[in-house]
Amino acid sequence: MQTELSTQLGVEHAVFGFTPFPAVAAAISRAGGFGVLGAVRYTAPDDLKRDLDWIEAHVDGKPYGLDVVMPAKKVEGVSEADVEAMIPEGHRDFVRDTLAKHGVPELAEGEAAGWRITGWMEQVARSQLDVAFDYPIRLLANALGSPPADVVARAHDHDVLVAALAGSARHARKHRDAGIDVVVAQGYEAGGHTGEIASMVLVPEVVEAVDPLPVLAAGGIGSGRQAAAALALGAQGVWLGSVWLTTSEADLHSPALTRKLLAAGSGDTVRSRALTGKPARQLRTEWTDAWDDPEGPGTLPMPLQGLLVAEAVSRIQKYEVDPLLGTPVGQIVGRMNEVRSVQAVFDDLTRGFERAVDRVNRIAGRSGQ
Ligand SMILES: Cc1cc2nc3c(=O)[nH]c(=O)nc-3n(C[C@H](O)[C@H](O)[C@H](O)COP(=O)(O)O)c2cc1C
């Protein structure tokens, strides 16, 4: 599976894997793909440094990248405490009541909320970049819009390609105009923040909108035949996020959550604002139902919602409160039915890709080619 982009990055297969887990990122790169570590969960620069050191030591010299979440709308110069102060009391009550209804225990005295995510605040994302550019990352991806011009320039100075996720051709054109090198066209099916256009429609639209920029197809890809379809749609590679969640290298810290993912069907996710304030695809749970209920208070905008629910999500995860327990994941969860190593997922993908291409070649009357 080689394209101009995979050749440029020096990877064997044009398979890009987003993951919050360093062990998964390193395994993807070692398997011949391109691992991209998600940085949004790192609040302390030293933690990111520790994990990038770990990747460096375990990646066998193979290339890898980093993903930050800098929203297009800036929250600059505003402290976390300022943002906390904007959260209405009624919303805090709703969180308390929902947790009480399900008997969710408190965290231990002084225990910090592990889920607390602040990486989408500009100053946090910038502190992550200060760390990242000390490492030989080959690609910097941004999730929520084009990164600011100075960040793009800084990446290019370090010989780092800049990628940005796009849920529409309009977003993709904005990225091109901002000097982005690679557009990740992420369809509605995807886990995490998504737009409303399905990959089958989105990918060729984006390919045509930003031609000749390389486009990676994301959303709903978990098999070789899906990867082959994405390349047929004009993508220069595939970008997968969900499938790695049930690999043996993933560190979900929750056997109950792994069981839920393995049991879920492709119809068991929902696009909800419950986690972050922006629509993100995740497992449908009684937690998402409560927030999506028109009788409820409704969600707050990013970054307020994320701060509001941080402690609650940590409690739900720590105590594995089944009806409320969830995670961002895409519709491809329906075929994540067993725990496998990253290498096994990878081999399945590349072999399935070859079979799918052979099949299409036969249909086109080109057997043996
Ligand atoms: C658990 C999880 C967390 C994610 N977090 C981020 C993120 O922080 N930044 C980002 O650019 N994309 C994030 N994504 C989206 C992925 O980068 C990727 O585009 C998406 O998973 C592709 O669709 P798929 O889930 O169908 O494979 C996340 C996806 C998942 C499943």
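None of the figures in this text is laboratory data; all of them are computed from the coordinates on show. Quick caveat, the model's predicted, so the values are computed rather than measured. Every residue, glycine as well, gets a Cβ built from its backbone with ideal geometry; the counts of neighbours run over all protein chains shown.
Some notes on this structure:
- Extension gain for the segment Ser79 to Asp322, taken as residue separation times 0.36 nm less the Cα-Cα distance, is 84.1 nm to one decimal.
- Using the Cβ-Cβ distance between His156 and Ala232 with R0 set to 45 Å, the FRET efficiency works out to roughly 0.90.
- For Thr285, distant residues with modelled amide H under 5 Å away: none
- Under Karplus coefficients 6.51, -1.76 and 1.60, residue-wise ³J(HN,Hα) of the range 82-88 in Hz, glycine/proline x: 4, 5, 3, 5, 7, 7, x
- Rg over Rh for the range 136-288 works out to 0.99, both radii taken from alpha-carbon positions and Rh defined as the Kirkwood radius.
- Stretching the chain fully between His58 and Tyr135 yields a gain of 26.3 nm (0.36 nm per residue, less the alpha carbon separation).
- Computed over the range 132-258: relative contact order in percent, which uses C-alpha pairs under 8 Å that are six or more apart: 17 percent
- Comparing Glu208, Glu122, Glu249 in a Gaussian network model of the chain (Cα springs below 10 Å), the most mobile by mean-square fluctuation is Glu208.
- Computed extension gain for Ala100 through Arg359, at 0.36 nm per residue and net of the alpha carbon distance, reaches 87.8 nm.
- Seen against the Cα atoms of the chain and their longest principal axis, helix 89-101 is set at about 80 degrees.
- Descending principal axes extents, the range 10-164, alpha-carbon based, whole Å: 52, 33, 26
- The H on the amide N of Gly35, modeled in the peptide plane, is under 5 Å from the matching H of Gly17, Ser29, Gly65, each at least 5 residues off or on a different chain.
- For the residues Glu205, Glu84, Glu111, a GNM of the chain with alpha-carbon springs under 10 Å puts the largest fluctuation on Glu111.
- For the residue pairs Lys62/Lys278; Lys101/Lys260; Lys62/Lys260; Lys49/Lys318; Lys101/Lys278, the alpha carbons lie more than 28 Å apart in Lys62/Lys278; Lys62/Lys260.
- For the range 289-369, applying the loop criterion from DSSP together with a ceiling of 11 other beta carbons within 10 Å to the GluC sites (Glu not before Pro) yields Glu295, Glu338.
- Going from the fewest other Cβ atoms within 10 Å to the most, the residues Leu107, Leu261 appear in the order Leu107, Leu261.
- Applying the Karplus relation 6.51 cos²θ - 1.76 cosθ + 1.60 with θ = phi - 60° to the range 39-52 yields 3J(HN,Hα) values of 9, 4, 7, 8, 8, 9, x, 5, 5, 5, 4, 4, 6, 5 Hz, where x marks Gly and Pro.
- The range 22-68 and the range 204-251 have Cα centres lying 20 Å from one another.
- As a size descriptor, the averaged projected area of the C-alpha convex hull of the chain was calculated at 18.1 nm².
- Residues whose amide H comes within less than 5 Å of that of Val162, counting only those at least five positions distant or on another chain, are Leu140, Asp181, Val182 (H built at 1.01 Å from N in the peptide plane).
- In Hz, Karplus ³J(HN,Hα) per residue of the range 187-203 (6.51, -1.76, 1.60; θ = phi - 60°; x = Gly, Pro): x, 3, 6, 5, x, x, 5, 9, x, 10, 10, 6, 3, 4, 8, 5, 4
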